[in-house]
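These notes concern the structure reproduced below.
The values are calculated or read from the model by the stated rules, or taken from the named source; none is laboratory data. Keep in mind that this is a model prediction, so the values were computed, not measured. Here the Cβ is made from the backbone with ideal geometry for all residues, glycine too, and neighbour counts use every protein chain on show.
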């Protein structure tokens, strides 16, 4: 692929150069995705700007430059008269041994919207993926962003499923919810719970996008002690089970990620009625919040429209509803 597209009346596409583009791209992403009030998004933007400041320093080392290029160089920008007005980021991942790419941060400055720039950036991004031998491309888009969903559908992307992203943050307002029913109990997970937990996890976290979770389901199995490759992940995870007498009602896995954001994986049947679903989610998540949460940042992803009130009652705040989309090229 050439390094620059044919000039349009309003600019051209070129590869992103982190040594000169980081600040402009950070501004684009922050404005397009309204990240000023998003703690995690704002942290990413500040990280980009710190890299930009280091690179603008006359005494910037070769290591600083190399680090910036490794961290931020995989993407494209749209430039017009010396100004970056559009961006797309291409993030490489591994799904087992298979390389896949995540498209992210497709953003265009307000004055340049509705000119086909986002479409062209995405199309060139797909060509870049294809040239590198990547066959599968994924993206997440806000569930209520109809124009972006239409853009990706026109390029051949198919919707896979929708998730809600919930956040638990250090807050004095985190509620202490009601205890579980007298007939129910929450304990550490037992070996025999895994069969049902695994089936429920597979429903809630489909295999097509499970690579994105950063945690192998194999590491969640109580039998993973027999697989040395899972030992490091196992040491990060704890499991809780909600049961009524000898019947398993639901399970919760907590992955501690040290300096990163902790993750929760909620497992229960997706065909429950609304009251039962909320009740089980509330019980498991409240048990975690009230007995184990150390006020670190915690994220929970769960299928959109499921257990919404129960998750809220446990003190979680809805960050986004997202659609997963996929294209094989």
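Would you check if there is a residue in the stretch 276-292 being within 22 Å of residue 188 (Cα to Cα) and not in a helix (DSSP H, G or I)? Yes, some residue in the stretch 276-292 is within 22 Å of residue 188 (Cα to Cα) and not in a helix (DSSP H, G or I). Scanning the stretch 217-228 for residues that are within 24 Å of the chain's Cα centre (by Cα) and in a helix (DSSP H, G or I) yields a count of 4.
Residue check: is residue 242 in contact with a strand residue (DSSP E or B) (Cβ under 6 Å, 6 or more places away or on another chain), modelled with pLDDT under 95 and not in a helix (DSSP H, G or I)? Don't jump to the end; show me each part of the working.
Numbers: in contact with a strand residue (DSSP E or B) (Cβ under 6 Å, 6 or more places away or on another chain): yes; modelled with pLDDT under 95: no; not in a helix (DSSP H, G or I): yes.
Against the criterion (in contact with a strand residue (DSSP E or B) (Cβ under 6 Å, 6 or more places away or on another chain), modelled with pLDDT under 95 and not in a helix (DSSP H, G or I)), residue 242 does not qualify.
Filter the stretch 57-87 for residues that are touching a helix residue (DSSP H, G or I) at 6+ places or on another chain (Cβ under 8 Å), more than 12 Å from residue 21 (Cβ to Cβ) and not in a loop (DSSP other than H, G, I, E, B); which is modelled with the highest pLDDT? Filtering the stretch 57-87 for residues that are touching a helix residue (DSSP H, G or I) at 6+ places or on another chain (Cβ under 8 Å), more than 12 Å from residue 21 (Cβ to Cβ) and not in a loop (DSSP other than H, G, I, E, B), the one modelled with the highest pLDDT comes out as 80.
Filtering 150, 192 for residues that are over 24 Å from the mean Cα position of the chain (by Cα), without any contact (Cβ under 8 Å) to a residue 60 or more places away in the chain, not in a loop (DSSP other than H, G, I, E, B) and not assigned by TED's automatic domain parsing to the domain that holds residue 88 leaves a single hit, 192. The single condition from (1) touching a strand residue (DSSP E or B) at 6+ places or on another chain (Cβ under 8 Å); (2) more than 30 Å from residue 151 (Cβ to Cβ); (3) surrounded by fewer than 19 Cβ atoms within 10 Å (Cβ to Cβ) that residue 304 fails is (2). For the stretch 262-289, a residue qualifies if it is in contact with a strand residue (DSSP E or B) (Cβ under 9 Å, 6 or more places away or on another chain) and surrounded by fewer than 17 Cβ atoms within 10 Å (Cβ to Cβ), and the qualifying residues are 269, 270, 276. The residue list 100, 163, 108 contains one member that is over 19 Å from residue 211 (Cβ atoms) and in contact with a strand residue (DSSP E or B) (Cβ under 6 Å, 6 or more places away or on another chain), which is 108.
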